[in-house]
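The values are calculated or read from the model by the stated rules, or taken from the named source; none is laboratory data. Note that this is a predicted model, so its numbers are computed, not measured. Positions of Cβ are backbone-derived with ideal geometry, glycine not excepted, and every protein chain shown enters the neighbour counts. Ligands, DNA and RNA are excluded from the accessible area calculation, which covers all protein heavy atoms including side chains. Shrake-Rupley method; radii C 1.70, N 1.55, O 1.52, S 1.80 Å.
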Amino acid sequence: MTCWEKRENYLIEVSQRCLKGHKTFDLCRSHLVEASQISKGTIYNHFTSEADLIIAVACADYHSWLTQAEQDTVQYSDPYLRFIFHHCQRLYRILSEQAFVIARVVPNEAVLAQASEYYRERFNRVLDQYKQWNAQTLMEIGEVSGFNRSELLCDYLRGAMINSDDAQKHYNDAEMYYQHSFAMTQLMGHSQKRPPSIKVFLQWLQDKDSSKALSA
């Protein structure tokens with residue numbers, strides 16, 4: 001990794017920290033000067049517009065979801081459980097870390113149009129990869145004709161992330177994840193499948209608490 005790439009990653013990490021708990025993307029490039037202790041000129045070289053900063057943060061989020069997807073593919077041989085727990089993990093991260101919900105601002109054609117070609121192509125590439133993982137997983141679960149299930153689920157998941165964040169839902173609420181998985185199951189068109197029970201989600205959350213304690 002080059003010095004340029006390391007500095008870019010650092011600036012994105014600082015941006016993500018600055019956005020924690022925010023409901024709008026109200027971070028500007030100039031705000032990063034004090035937060036990162038890097039000169040304004042250097043920051044503006046990395047992000048030539050405010051849109052570049054937004055898309056750079058979005059790319060980082062999508063890359064983290066892809067990394068999680070790879071881990072979930074290894075962990076869950078059942079594609080249904082893989083899909084369910086992957087998207088529950090996304091919700092868990094937002095609520096437990098108070099992470100900014102990037103779905104509030106992207107995908108957005110107006111923002112992408114203002115971004116530089118470098119960031120625009122980078123975002124479109126990672127977006128396509130993530131869409132492909134979701135589509136492939138849904139195909140493995142079993143396609144149901146009549147509706148565009150991927151689109152229905154995408155719209156639902158975007159709304160669920162935003163609404164849960166707005167409502168300040170607690171990340172340790174097993175019933176919330178059960179309801180979330182039930183809604184996903186219905187939208188998949190697989191109402192005959194039984195989502196993981198509240199008991200299963202309680203254990204899932206307990207395992208996460210144990211992992212945090214070990215890494216502390």
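For this structure, a couple of remarks:
- Kirkwood Rh in Å, taken over all unlike Cα pairs in the chain: 18.6
- For Asp166, the shell of other residues with beta-carbons less than 14 Å away shows a net charge of +3, using +1 for Lys and Arg and -1 for Asp and Glu.
- Burial ranking of peptide ranges 163-172, 102-111 (average Cβ count within 10 Å, highest at the top): 102-111, 163-172
- Share of carbon and sulfur in the accessible heavy-atom surface of the chain [1.4 Å probe, %]: 51
- Nearest-20 debye value, the chain charge dipole, Cβ charges on Lys, Arg, Asp, Glu: 280
- The magnitude of the dipole of the range 137-216, with charges of +1 and -1 set on the Cβ of Lys/Arg and Asp/Glu and taken from the Cα centre, is near 220 debye.
- Prolate/oblate/rounded call for the range 12-56, Cα gyration tensor, a/c under 1.5 rounded: oblate
- Hits among aspartates and glutamates - C-alpha to C-alpha of Lys40 under 19 Å, sequence gap 8 or more where chains match: Glu5, Glu8, Glu13, Asp26, Glu50, Asp52
- Cα-based Rg and Dmax for the range 125-216, where Dmax is the largest Cα-Cα distance (Å): 15.3, 48
- The charge dipole of the range 56-169, taken about its Cα centre with unit charges on the Cβ of Lys, Arg, Asp and Glu (plus for the first two, minus for the last two), comes to roughly 160 debye.
- Taking every Cα-Cα distance in the range 176-216 and sorting them into 5 Å bins from zero, the calculated P(r) comes out as 5, 24, 21, 17, 14, 10, 6, 3, 0 percent.
- Value of relative contact order over the chain, rounded to a whole percent, pairs C-alpha under 8 Å and six or more apart: 21
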